[in-house]
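Student: What follows is a single structure, and I will ask about it in a moment.
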Amino acid sequence: MPAETILETRGLTKEFKGFVAVNNVDLKVRRGDIHALIGPNGAGKTTFFNLLTKFLPPTRGTITYQGNDITSERPAQTARRGIVRSFQISAVFPHLTALENVRAALQRNLGTSFHFWKPERTLYPLHARALELLETVDLQDFAHELTVNLPYGRKRALELATTMALEPELMLLDEPTQGMGHEDVHRVTELIKKVSLGRTILMVEHNMNVVSSIADRITVLQRGAVIADGPYAEVSKNPQVIEAYMGTADAALQGAH
């Protein structure tokens with residue numbers, strides 16, 4: 001396994017009672033890349049993510065991370081290796097402040113997350129790091145704002161900060177710009193670029209403008225199988241990819257240039 005490959009799947013397959021959701025997927029993610037996984041609805045992208053994070057066991061195939069076979073590990077073991085997933089729906093505590101959300105994530109690393117009986121002052125040493133992470137995602141001015149009051153795009157930025165608090169080597173981002181207006185999409189795209197420094201990112205994303213502007217490599221799934229893999233310029237001209245999007249891809253892919 002070459003050193004630059006951080007994650008590899010071979011023949012990864014998931015069947016549900018005869019329906020093949022992920023079909024014999026071979027995927028290589030290079031260390032330090034932003035790698036996008038795209039495809040029409042129902043292509044198997046979320047199921048593939050669920051296999052990587054062990055929410056689902058594969059029917060066949062293997063998952064290798066940093067040279068270790070992690071196919072049959074439990075979700076917690078895989079997370080401890082530094083593979084952290086950010087969900088499609090914003091996964092933050094609405095009635096904690098932005099700072100408290102990041103601090104809660106930092107506690108997990110310290111192994112103090114269940115020390116509920118300890119006074120709050122024991123958490124103060126985490127403040128500086130939490131504020132630093134909030135600054136990374138441009139949320140320093142919202143540190144003491146309740147998360148429920150944050151605009152949607154800012155909530156997603158907070159989710160990025162909490163994900164980074166777990167110090168992942170590989171971040172799995174599931175539809176990071178879904179449901180956002182143009183301004184928020186731009187902001188979150190820039191943030192992904194920023195947080196990708198020194199990390200590897202595998203992201204499921206529908207927005208072709210986002211994919212074309214930040215992805216180093218793109219893998220296209222259709223009906224659970226890989227139909228194209230390579231840099232954006234190459235993939236966007238692939239006739240199978242254009243056909244997979246039923247004519248809309250032609251416009252979407254070309255419009256993203």
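The values are calculated or read from the model by the stated rules, or taken from the named source; none is laboratory data. This one's a predicted model, so the numbers in the text were calculated from it and none came from an experiment. Note that each Cβ is placed from the backbone with ideal geometry, even for glycine, and that neighbours are counted across all protein chains shown.
Student: Is it the case that the range 86-106 has a residue that's farther than 30 Å from THR62 by Cα, surrounded by fewer than 18 Cβ atoms within 10 Å (Cβ to Cβ), modelled with pLDDT under 90 and not charged (D, E, K, R)?
Tutor: Taking every residue of the range 86-106 in turn, none turns out to be farther than 30 Å from THR62 by Cα, surrounded by fewer than 18 Cβ atoms within 10 Å (Cβ to Cβ), modelled with pLDDT under 90 and not charged (D, E, K, R).
Student: Here's a follow-up. Which residue out of GLY39, GLY67, GLY18 is in the same structural domain as PRO239 (by TED's automatic domain parsing), in contact with a strand residue (DSSP E or B) (Cβ under 8 Å, 6 or more places away or on another chain) and at positive phi? If you could, list the steps in order and put the result at the bottom.
Tutor: Values: GLY67 fails: in contact with a strand residue (DSSP E or B) (Cβ under 8 Å, 6 or more places away or on another chain); GLY18 fails: in contact with a strand residue (DSSP E or B) (Cβ under 8 Å, 6 or more places away or on another chain).
Result of the check over GLY39, GLY67, GLY18: GLY39.
Student: Turning to a different aspect of this structure: Quick check on this structure: which one of ASN68, ASN24, ASN50 is free of Cβ contacts under 8 Å to residues at least 40 places away in the same chain and more than 29 Å from ALA104 (Cα to Cα)?
Tutor: Details: ASN24 fails: free of Cβ contacts under 8 Å to residues at least 40 places away in the same chain; ASN50 fails: more than 29 Å from ALA104 (Cα to Cα).
Step by step, each of ASN68, ASN24, ASN50 is checked, and only ASN68 is free of Cβ contacts under 8 Å to residues at least 40 places away in the same chain and more than 29 Å from ALA104 (Cα to Cα).
Student: Being more than 23 Å from PHE48 (Cβ to Cβ), among the β-branched types (Val, Ile, Thr) and not in a helix (DSSP H, G or I), is that true of even one residue in the range 122-141?
Tutor: First, the residues of the range 122-141 that are more than 23 Å from PHE48 (Cβ to Cβ): 122-141.
Then drop every residue that is not among the β-branched types (Val, Ile, Thr), which leaves 122, 136-137.
Right, trim to not in a helix (DSSP H, G or I) and you get 137.
Within the range 122-141, one or more residues are more than 23 Å from PHE48 (Cβ to Cβ), among the β-branched types (Val, Ile, Thr) and not in a helix (DSSP H, G or I).
So that you can scan it fast, the table gives a plain yes or no per residue for (1) surrounded by fewer than 21 Cβ atoms within 10 Å (Cβ to Cβ); (2) farther than 26 Å from LYS193 by Cβ; (3) without any contact (Cβ under 8 Å) to a residue 24 or more places away in the chain; (4) touching a Leu at 6+ places or on another chain (Cβ under 9 Å):
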| position | (1), (2), (3), (4) |
| --- | --- |
| THR9 | no, no, no, yes |
| PHE19 | yes, yes, yes, no |
| HIS35 | no, no, no, yes |
| GLY42 | yes, yes, no, no |
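Student: Within the range 146-194, which residues are within 13 Å of the chain's Cα centre (by Cα), surrounded by fewer than 21 Cβ atoms within 10 Å (Cβ to Cβ) and part of a loop (DSSP other than H, G, I, E, B)?
Tutor: PRO168, GLU169, GLU175, GLN178
Student: Further question: State all residues of the range 200-247 that are more than 22 Å from LYS14 (Cα to Cα) and either assigned to a strand (DSSP E or B) or assigned by TED's automatic domain parsing to the domain that holds THR163 (or both); if no residue qualifies, say none.
Tutor: THR200, ILE201, ARG217, GLY230
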